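Laboratory data are not the source of any read-out in this text; all were calculated from the coordinates shown. Quick caveat, the model's predicted, so the values are computed rather than measured. Every residue, glycine as well, gets a Cβ built from its backbone with ideal geometry; the counts of neighbours run over all protein chains shown.
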Amino acid sequence: MSTLTSSLAWFSAMRGLALLLALCMAPSSGWSQTKEAILRSTFVSLGPVTSVPYGWIDFCRRNPGECLDADRAPVTIQLNAATLRQLVRINAGVNKAIVPVSDADHWGVLDRWDYPTDGKGDCEDFALLKRKLLIEEGVPRQALLMTVVKDQQGEGHAVVTVETDHGEFILDNLQDELRPWDKTGYRFVKRQSQENENVWVQIGEPTQAPAYVSR
């Protein structure tokens with residue numbers, strides 16, 4: 001079996017697993033929290049264009065078809081019951097399907113962004129897979145933004161920001177529920193631009209970006 005065929009089969013299996021997990025966990029406390037949180041989300045304050053994380057540059061070099069270098073109109077999705085269920089299903093499903101492991105243990109390097117095709121990965125690998133699965137289900141890529149934050153210990157971490165008509169929400173490998181960005185406790189550093197995923201913008205006041213993301 002070719003590498004491409006193997007990868008496609010794996011992604012198909014992941015989609016099926018996420019659907020199965022959704023049936024097993026609904027209704028859940030996470031879903032209840034999500035419905036309450038929808039009324040309390042806001043939008044981040046964006047700054048100027050900033051440096052692109054090395055991990056994204058390297059990922060695009062190895063997977064050029066996954067990184068569309070073209071300007072697009074920004075898109076926000078309608079956050080209703082169906083999209084909430086979809087986002088929670090993919091977030092929790094991937095969290096349960098992938099075994100967390102650091103890039104140092106996985107690849108022997110400090111930072112490598114990739115799809116977790118062997119069932120293992122760290123924060124950015126979880127985020128990349130969630131983004132891919134949602135895009136395959138029809139969610140516009142302009143509404144799914146790879147985002148770099150600092151956690152409560154000041155360590156680098158990667159999540160997905162979801163742009164909705166009710167504000168911005170976060171898909172996180174450390175939490176199964178969908179959370180408003182300002183309820184995560186993270187210091188937001190930078191993220192993809194809605195207009196071009198290969199352009200990154202600063203979030204809030206300037207802060208030194210983490211050298212790598214690790215959780």
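Here are some notes:
- Only lysine pairs 8 or more places apart, or on different chains, with alpha-carbon atoms under 19 angstrom apart are counted in the stretch 63-215, and they number 8.
- By the count of neighbouring beta-carbon atoms within 10 Å, fewest first, ARG112, ARG85, ARG61 end up ordered ARG61, ARG85, ARG112.
- Ordering TYR54, TYR115 from the fewest to the most neighbouring beta carbons within 10 Å gives TYR54, TYR115.
- Other residues whose C-beta falls under 11 angstrom from the C-beta of GLU195 contribute a net charge of -1, scoring Lys and Arg +1 and Asp and Glu -1.
- Over the stretch 37-195: Kirkwood hydrodynamic radius from C-alpha pairwise inverse distances, Å: 15.9
- The string of couplings for the stretch 167-175 from the Karplus curve (6.51, -1.76, 1.60, θ = phi - 60°) is x, 10, 10, 10, 9, 9, 6, 9, 9 Hz, one whole number per residue in order, with x for Gly and Pro.
- Per-pair calculated FRET efficiency, R0 = 22 Å: VAL101 and ARG61 via Cβ, rounded to 0.05: 0.45
- Protection proxy ranking of 120-129, 98-107, 160-169 - average other beta-carbon atoms within 10 Å, highest first: 120-129, 160-169, 98-107
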